[in-house]
1. If you rank L144, L59 by fewest surrounding Cβ atoms within 10 Å, what's the result?
2. Find the lysine pairs in region 1-118 meeting two conditions, Cα atoms under 21 Å apart and a separation of 8 or more places or different chains, and report how many there are.
3. Work out the length of the dipole vector of region 73-143 about its Cα centre, built from +1 on the beta-carbon of each Lys and Arg and -1 on the beta-carbon of each Asp and Glu, and round it to the nearest 20 debye.
4. Given the rule -39500 (n - 2.57) for each run of at least 4 DSSP H residues, summed and divided by the residues of the chain, what is its mean residue ellipticity at 222 nm, to the nearest 500 deg cm²/dmol?
5. Identify, among T68, V28, V125, the residue whose Cα sits farthest towards the positive end of the charge dipole of the chain, taking +1 on the Cβ of Lys and Arg and -1 on the Cβ of Asp and Glu, with the dipole about the Cα centre.
6. Taking 0.36 nm per intervening residue step and subtracting the Cα-Cα distance, what contour gain separates D139 from E24 on full extension?
7. Binned at 5 Å from 0, what are the whole-percent values of the Cα-Cα distance distribution for the chain, short to long?
8. Taking R0 as 35 Å, what FRET efficiency do you get between A103 and C3 from their Cβ-Cβ distance, rounded to the nearest 0.05?
Amino acid sequence: MHCGVIQGKVDNLALAVKFSINKELPLVSNLANCSKLIFDNIPNTSWAGFYIVDDKNNLFLGPFQGDTATMYIEYGMGVCGTCLVYKKTIIVPNVHEFPGHIACSSLSNSEIVIPIIKNDKVVAVIDLDSNRYNNYNDDSAKVLEEVAVILSDLF
Ligand code: SME
């Protein structure tokens, strides 16, 4: 029996996320499947996942696809912690030029981080890495921001 979830490549990532989530189930379960949907549908992505804001306004590692990653990022540190400060999507065409970038993989060359905002507060960020330079642009930001709006409902 098939478990009935959306898998693989989809025509519309935001819609796939919308139909995948189930608010009655735990956040970790929802984000786990969403990390895979994002990983499979944003091309050339080597790592995709979530960092969740804790009660000290720092970030802890959530569900992801890819290599093991740093488990805790303080407010203002790295690309993810910077996203928390500015509450805006950050596109990094070349991570080696981003001051304070936290390298989880030496192969990573570009990154995008999108805030998930609930009641004007960042509650988590979506983080994607690529081994290619310049992998993310305004189009990737647009679709991932749609995903972030949908996921804000889970918090
Ligand atoms: N590069 C991130 C750290 C997380 S890993 O990319 C998974 C940063 O600078 O915040």
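1. L144, L59
2. Lysine pairs meeting both conditions in region 1-118 amount to 11.
3. Dipole size: approximately 220 debye.
4. Rounded to the nearest 500, the figure is -9500 deg cm²/dmol.
5. Value computed over the given set: V28.
6. 38.3 nm
7. Spelled out per bin, shortest first, that is 2, 10, 20, 25, 22, 13, 6, 2, 0, 0.
8. Here the calculated transfer efficiency is 0.45.
Any read-out appearing in this document is the output of simple, stated calculations on the displayed coordinates, not a laboratory observation. Quantities reported herein were computed from a predicted structural model and do not represent experimental measurements. Every residue, glycine as well, gets a Cβ built from its backbone with ideal geometry; the counts of neighbours run over all protein chains shown.
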